[in-house]
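Single-structure report; data block below.
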Amino acid sequence: MTDATASFEAVTAESSNRATRVRHVAIIMDGNGRWAKDRGLPRTAGHKSGVEAVRRTVRAAMELKIPYVTIFSFSSENWSRPPDEVADLMALMKRFIRGDLAELHQNNVKIAVIGDRHGIDAELLALIDEAVDLTSTNTALTLSIAFNYGSRAEIAAAARRLAERVANGSLAAADITPGHISAELETAGMPDPDLLIRTSGEMRISNFLLWQLAYTEFVFLDTYWPDFGREHLEQAIAEFHARDRRFGGLSKRSSA
């Protein structure tokens, strides 16, 4: 058995044993623009208020002992938005790191950033690297920020790396397992999300963690992201606990 296969099987076995335990929450933070529009404010105001919601959510996750949170901050498709809005989102990421890094580090939060670095300006890349390096040994919570991220591109990149290994003879094509793919993704080393929350009432996953969400429970909330708080996180977790997670097997409730 290869290391990648063993790792994948270990994660799968762990998943089967934690049907009601939330270790990893993934969040699609949607509705900033509509929140602002409803209040007669510019979209930038919605994004700024969305950062406050991130802060509330991180604090709540730590209080609830959730060890992993992944947030969808900037999609690779978001480049199609107006240039002014894209520039504001980039500036917002810089302000978040500059303004929150010290407190996150003090609170033992590890920061990870997943996504394509291409097209991101050097100043922001330096800030991202600083945040990741400074917090790399922290253990209370891993906050993974999907920034300039697209899941199809992530999977394609993983496939290319495996193809290169096959081409150089270090891996046989017939030996490739789901574990090899998982090990090549940017989330390698993290458990797959148990729970996905999307705010604003939209019911789609928008090219977010397509591979990792295979057995994730989805909760869609009508609340716009800037209004999201601990009570909404607890609501989603309560719904998660009410689900019958079978992982392809029989229902424990029906077989009891």
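The values are calculated or read from the model by the stated rules, or taken from the named source; none is laboratory data. Here the structure is a predicted model, which means the values were calculated and not measured. Note that each Cβ is placed from the backbone with ideal geometry, even for glycine, and that neighbours are counted across all protein chains shown.
If you take the residues in the stretch 68-99 that are part of a helix (DSSP H, G or I) and in contact with a Phe, Trp or Tyr (Cβ under 7 Å, 6 or more places away or on another chain), which one is surrounded by the fewest Cβ atoms within 10 Å (Cβ to Cβ)? Give the derivation first.
Keep residues of the stretch 68-99 that are part of a helix (DSSP H, G or I), which gives 76-80, 83-99.
Okay, now just the ones that are also in contact with a Phe, Trp or Tyr (Cβ under 7 Å, 6 or more places away or on another chain), so 76, 86, 89, 93.
Details: SER76: 20, VAL86: 15, LEU89: 20, MET93: 21.
Result: VAL86.
In the stretch 104-144, what count of residues is obtained for those that are touching a helix residue (DSSP H, G or I) at 6+ places or on another chain (Cβ under 8 Å) and not in a helix (DSSP H, G or I)?
Here the count works out to 17.
Report, by residue number, each residue of the stretch 51-64 that is within 17 Å of SER144 (Cβ to Cβ) and of a type outside the set (A, V, I, L, M).
Residues satisfying the conditions are ARG55, THR57, ARG59.
Somewhere in the stretch 153-166, is a residue of a type outside the set (Asp, Glu) and under 22 Å from ARG59 (Cβ atoms)? Even if it seems obvious, please write down each step before you answer.
Keep residues of the stretch 153-166 that are of a type outside the set (Asp, Glu), which gives 153, 155-163, 165-166.
This time we only want the ones that are under 22 Å from ARG59 (Cβ atoms), so: none.
Checked the stretch 153-166: no residue is of a type outside the set (Asp, Glu) and under 22 Å from ARG59 (Cβ atoms).
Among the residues of the stretch 140-163, is there at least one that is farther than 20 Å from MET90 by Cβ, of a type in the set (Gly, Ala, Ser) and more than 21 Å from the chain's Cα centre (by Cα)?
So the first thing to find is which residues in the stretch 140-163 are farther than 20 Å from MET90 by Cβ, and the list is 140-142, 151-152, 154-163.
Next cut, of a type in the set (Gly, Ala, Ser) only: 140, 151, 156-159, 163.
Keeping just the survivors that are more than 21 Å from the chain's Cα centre (by Cα) gives 163.
Scanning the stretch 140-163 turns up at least one residue that is farther than 20 Å from MET90 by Cβ, of a type in the set (Gly, Ala, Ser) and more than 21 Å from the chain's Cα centre (by Cα).
Which residue pairs have Cβ atoms closer than 8 Å, lie 6 or more positions apart in sequence or on different chains, and pair a first residue in the stretch 175-203 that is in a loop (DSSP other than H, G, I, E, B) with a second residue that is surrounded by 21 or more Cβ atoms within 10 Å (Cβ to Cβ) and at pLDDT below 95?
THR177/ALA4
For (1) without any contact (Cβ under 8 Å) to a residue 60 or more places away in the chain; (2) of a type in the set (S, T, N, Q), each residue gets a yes or a no:
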| site | (1), (2) |
| --- | --- |
| GLU63 | no, no |
| VAL69 | no, no |
| PHE74 | no, no |
| LEU89 | yes, no |
| GLN106 | yes, yes |
| LYS110 | yes, no |
| GLY115 | no, no |
| ASP121 | yes, no |
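Would the stretch 100-111 turn up any residue that is touching an Asp or Glu at 6+ places or on another chain (Cβ under 9 Å) and either surrounded by fewer than 18 Cβ atoms within 10 Å (Cβ to Cβ) or of a type in the set (D, E, K, R) (or both)? I'd like the intermediate steps shown before the answer.
Step one: list which residues in the stretch 100-111 are touching an Asp or Glu at 6+ places or on another chain (Cβ under 9 Å), which gives 101, 109.
Cutting the leftovers down to either surrounded by fewer than 18 Cβ atoms within 10 Å (Cβ to Cβ) or of a type in the set (D, E, K, R) (or both) gives us 101.
Yes, the stretch 100-111 contains a residue that is touching an Asp or Glu at 6+ places or on another chain (Cβ under 9 Å) and either surrounded by fewer than 18 Cβ atoms within 10 Å (Cβ to Cβ) or of a type in the set (D, E, K, R) (or both).
ALA214 - would you say it is among the aliphatic types (A, V, I, L, M) and over 23 Å from GLU77 (Cα atoms)?
On the way: among the aliphatic types (A, V, I, L, M): yes; over 23 Å from GLU77 (Cα atoms): no.
No: the conditions fail for ALA214.
Of all the residues that make up the stretch 177-197, how many are within 18 Å of VAL113 (Cβ to Cβ) and charged (D, E, K, R)?
2
Say we look at the stretch 1-54 and pick out the residues that are among the hydroxyl-bearing types (Ser, Thr, Tyr) and within 20 Å of HIS232 (Cβ to Cβ); which of these is modelled with the highest pLDDT? Spell out the reasoning first.
Of all residues in the stretch 1-54, those among the hydroxyl-bearing types (Ser, Thr, Tyr) come to 2, 5, 7, 12, 15-16, 20, 44, 49.
Restricting the remaining residues to those that are within 20 Å of HIS232 (Cβ to Cβ) gives 20, 49.
Details: THR20: 55, SER49: 97.
Within the stretch 1-54, the match that is modelled with the highest pLDDT is SER49.
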